[in-house]
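Since the structure comes first, as C-alpha cells, the remarks are kept for the end.
The values are calculated or read from the model by the stated rules, or taken from the named source; none is laboratory data. Just so it is clear, the model here is predicted, and its values are computed rather than measured. Here the Cβ positions follow ideal geometry from the backbone for every residue, glycine too, while neighbour counts run over all protein chains shown. These accessible areas exclude ligands, DNA and RNA; they are computed on the full protein's heavy atoms, side chains included. Shrake-Rupley method; radii C 1.70, N 1.55, O 1.52, S 1.80 Å.
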Amino acid sequence: MRNKFKLVCGVGINDASYNINIKEEIPKVNGKRKQKFIWVCPYYQKWLDMIKRCYRTDKSKNPTYKDCSVCNEWLTFSNFRRWMEQQNWEGKALDKDLLIYQNKVYSPETCCFVPQEINSFLTKCNKSRGQHPLGVDRIKRCAKFRCRINNGTGGNEYLGLYASEQAAHKAWQLAKMERCMLLIEQQTDTKVIAGLERVYIKIQNDYINNIETVDF
C-alpha cells in the first residue's frame, strides 16, 4: 500500500492527525496575496528542527551536525511528541550533547531539554575563535592572548590577557568549571544535573593533566 505521508527531508514521517500549522492570507503591495504562519504546533516545530539539523541537504551553514542522526523511533513525529509531552520543555532547547560525551544521535535516552543558559554554556563557537583553544583569541596590537567565557546570555565575559594561549586556555578551564558549578546548583532535573557533572569532570581532568579541552 502506498505511504500516505510525505517524507520530511526524505526520512521523517509527519503522521499528525491534526493541522500542525495555521496560515492566513495577507495582501501584498502589488495586489498579489501570500500566506503567513500565525501558529505552528510547538511539538512539530521541535521535531522538524531536529530532522532538518540531521538530514537537510546543505549542512554548510552548520557543519557541527554533519554526522548526526535521529533514532528510528523519532523519525515518526507522533513518537517524538509522546516523549516531549512528558518533558519540561517550555522555553527550553532540545539538547543531545549534555548527557553523553560526543553524542551524535537524537533519541529518548540521549536527549533532554535545557534552559537557554545551559544551551549557551555548551556552545563552543569553533568558527569564530579559529585555530586557538576554546575561550582564547589573539589580540594583535599587544601580541597577547585574550580569555573570554560565554556569560550565558549570548555575550562573552572578559577574563584577561595572557602571554601564551596555553595560559589563557587554563584560565578559561577554571572559569568554565566555576560556571558549571553555578548551573548545577540552579537545576532540579536530575538528568540535567548528571550531564553538567559529567561536563565538569571532563574539563577538570583536562585542567589537572594539562590537556587542551577541545570538546566536553
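Residue check: is Arg148 more than 29 Å from Thr76 (Cα to Cα), open to solvent by 70 Å² or more (accessible area, probe 1.4 Å) and either in contact with a Gly (Cβ under 7 Å, 6 or more places away or on another chain) or part of a helix (DSSP H, G or I) (or both)? Lay out the reasoning, then the answer.
Values: more than 29 Å from Thr76 (Cα to Cα): yes; open to solvent by 70 Å² or more (accessible area, probe 1.4 Å): yes; either in contact with a Gly (Cβ under 7 Å, 6 or more places away or on another chain) or part of a helix (DSSP H, G or I) (or both): yes.
Here the answer is yes, as Arg148 does meet what is asked.
From the list Lys191, Lys176, pick out the single residue that is within 22 Å of Thr110 (Cα to Cα), assigned to a helix (DSSP H, G or I) and either open to solvent by 80 Å² or more (accessible area, probe 1.4 Å) or not polar (S, T, N, Q) (or both).
On the way: Lys176 fails: within 22 Å of Thr110 (Cα to Cα).
When all the criteria are applied, what remains is Lys191.
Please determine, by comparing only the residues of region 45-96 that are among the β-branched types (Val, Ile, Thr) and assigned to a helix (DSSP H, G or I), which one is surrounded by the fewest Cβ atoms within 10 Å (Cβ to Cβ).
Narrowing region 45-96 to residues among the β-branched types (Val, Ile, Thr): 51, 57, 64, 70, 76.
Next cut, assigned to a helix (DSSP H, G or I) only: 51, 64.
Working: Ile51: 24, Thr64: 13.
So the residue we want is Thr64.
Each row is one residue, and each column tells you yes or no for (1) under 17 Å from Thr123 (Cβ atoms); (2) at pLDDT below 95; (3) open to solvent by less than 30 Å² (accessible area, probe 1.4 Å); (4) among the acidic types (Asp, Glu).
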position	(1), (2), (3), (4)
Trp172	yes, no, yes, no
Leu182	yes, no, no, no
Glu185	no, no, no, yes
Leu196	yes, no, yes, no
Val199	yes, no, yes, no
Lys202	yes, no, no, no
Asp206	no, no, yes, yes
Asn210	no, no, no, no
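Can you tell me which residues in region 121-172 are out of contact with any Phe, Trp or Tyr (no Cβ under 8 Å at 6 or more places or on another chain) and basic (Lys, Arg)?
Answer for region 121-172, where residues must be out of contact with any Phe, Trp or Tyr (no Cβ under 8 Å at 6 or more places or on another chain) and basic (Lys, Arg): Lys124, Lys127, Arg129, Lys140, Arg141.
When the residues of region 110-131 are narrowed to those that are out of contact with any strand residue (DSSP E or B) (no Cβ under 7 Å at 6 or more places or on another chain) and more than 17 Å from Asn156 (Cβ to Cβ), which ends up modelled with the lowest pLDDT?
Among them, the one singled out is Gln131.
Please indicate, with yes or no, whether at least one residue in region 105-116 is surrounded by fewer than 17 Cβ atoms within 10 Å (Cβ to Cβ), of a type in the set (A, V, I, L, M) and within 29 Å of Gln86 (Cα to Cα).
Within region 105-116, one or more residues are surrounded by fewer than 17 Cβ atoms within 10 Å (Cβ to Cβ), of a type in the set (A, V, I, L, M) and within 29 Å of Gln86 (Cα to Cα).
Open to solvent by 90 Å² or more (accessible area, probe 1.4 Å) and closer than 17 Å to Ile203 by Cα: is that true of Gln166 in this structure?
On the way: open to solvent by 90 Å² or more (accessible area, probe 1.4 Å): yes; closer than 17 Å to Ile203 by Cα: yes.
Yes, satisfied.
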